[in-house]
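What follows is a set of notes on a single structure, which appears directly below.
The values are calculated or read from the model by the stated rules, or taken from the named source; none is laboratory data. Quantities reported herein were computed from a predicted structural model and do not represent experimental measurements. Positions of Cβ are generated from backbone atoms using ideal geometry, with glycine treated the same way; all protein chains shown enter the neighbour counts.
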């Protein structure tokens, strides 16, 4: 990494070299300020790794995981309801340059209702999401309304429409016309049960992480450390990091994570074994920025040696992967078994399938059924 000269980093900070002097400099003394978002507010937990800017409101009993970005540009608001959750690496954004559908918390805002979930790496922008909604991994909801109970699956795009109550947006779907939105199917009871399970887990996370923070302070909810105590994990353990492991700034490693020797974890990457566990990653892993590893309760992630990832990927358990697997930017790998030497392309969705050794998944591929995976052979 290139080192900055002293004058260079002072210029980046917006001050000249002469401003370093605390008194008598040509530009006057340094200005001291604090821009700190509370970790515990209104009975909710916001990870100290969360980036927050602007007019943001938060209800009670909600959970905001690490490396999530919540931004309300000037003249806008970002509102998150009670008992809701934003999971790792979510982008929750209100932009003043774009229109916003009516019904949110302000004329120009991004709004999430009560008892709603936004899963890892999803993006919500200038939209209104009702109560008991769910948005899956790496999905995008832009300039849209999701009425109460809508369930958006993984890797979907919803743009410029109003999705009626209790509808299901399938994995990988692109919904950009109102006619498409109106013909979406109703979600099943199994989807609603999954939503309730996610809410129950994240309600315990809100309580457990608050308790952990009050007991251990900033260090207890930052970098590498034990998971919070929960009903399914009464005796939390700390991660096991092998020899030569490097964690970049703002990386987060939680719970029963076993990371092999000589592995590198990039910035804003989350490896969270606070629900499903263990998460085992073999030696010589090269994990880039804003990657999330997580697992459903009662499941695990087990990955062999020499994992090589790009940025902004979701690995979610139950998941098994062999040695020498390469994964491109913006991919999702969930509920799958991946062999040795597999290459997964940029933007691919790999859900509920088995891939044998040596398979190459093309960029943008959507493997949503085993038949899709078998066709690659």
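Tabulated values for the structure
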item	result
Only listed residue being without any contact (Cβ under 8 Å) to a residue 40 or more places away in the chain, under 30 Å from residue 348 (Cβ atoms) and out of contact with any strand residue (DSSP E or B) (no Cβ under 8 Å at 6 or more places or on another chain), chosen from 251, 188, 179	179
Number of the exception - residue 268 against (1) under 20 Å from the mean Cα position of the chain (by Cα); (2) under 26 Å from residue 233 (Cβ atoms); (3) crowded, with 23+ Cβ neighbours inside 10 Å; (4) without any contact (Cβ under 8 Å) to a residue 24 or more places away in the chain	(4)
Filter result (farther than 19 Å from residue 267 by Cα and buried (at least 19 other Cβ atoms within 10 Å of the Cβ)) within region 207-225	208, 209, 210, 212, 213
Number of the exception - residue 243 against (1) free of Cβ contacts under 8 Å to residues at least 24 places away in the same chain; (2) surrounded by fewer than 19 Cβ atoms within 10 Å (Cβ to Cβ); (3) under 26 Å from residue 41 (Cα atoms)	(3)
Yes/no for residue 164 being free of Cβ contacts under 8 Å to residues at least 60 places away in the same chain and surrounded by fewer than 15 Cβ atoms within 10 Å (Cβ to Cβ)	no
Residues of region 163-185 classified as within 24 Å of the chain's Cα centre (by Cα) and outside any loop (DSSP other than H, G, I, E, B), total	6
Output for region 255-304, where each listed residue is in contact with a strand residue (DSSP E or B) (Cβ under 7 Å, 6 or more places away or on another chain) and on the phi > 0 side of the Ramachandran plot	255
Qualifying residues in region 330-351 (those that are farther than 16 Å from residue 156 by Cα and part of a loop (DSSP other than H, G, I, E, B)) - the one nearest to the chain's Cα centre (by Cα)	345
Total residues in region 275-308, condition buried (at least 20 other Cβ atoms within 10 Å of the Cβ) and in contact with a helix residue (DSSP H, G or I) (Cβ under 7 Å, 6 or more places away or on another chain)	1
Test: residue in region 309-329 that is touching a helix residue (DSSP H, G or I) at 6+ places or on another chain (Cβ under 8 Å), touching a residue at least 60 places away in the same chain (Cβ under 8 Å) and not in a loop (DSSP other than H, G, I, E, B)	no
Residue 184 more than 19 Å from residue 301 (Cα to Cα), buried (at least 20 other Cβ atoms within 10 Å of the Cβ), in the same structural domain as residue 295 (by TED's automatic domain parsing) and modelled with pLDDT of 95 or more	no
Index of the failed condition, residue 113 passing every other in (1) out of contact with any strand residue (DSSP E or B) (no Cβ under 8 Å at 6 or more places or on another chain); (2) more than 24 Å from residue 293 (Cα to Cα)	(1)
Hits in region 330-346 - residues which are without any contact (Cβ under 8 Å) to a residue 24 or more places away in the chain and out of contact with any strand residue (DSSP E or B) (no Cβ under 8 Å at 6 or more places or on another chain)	341
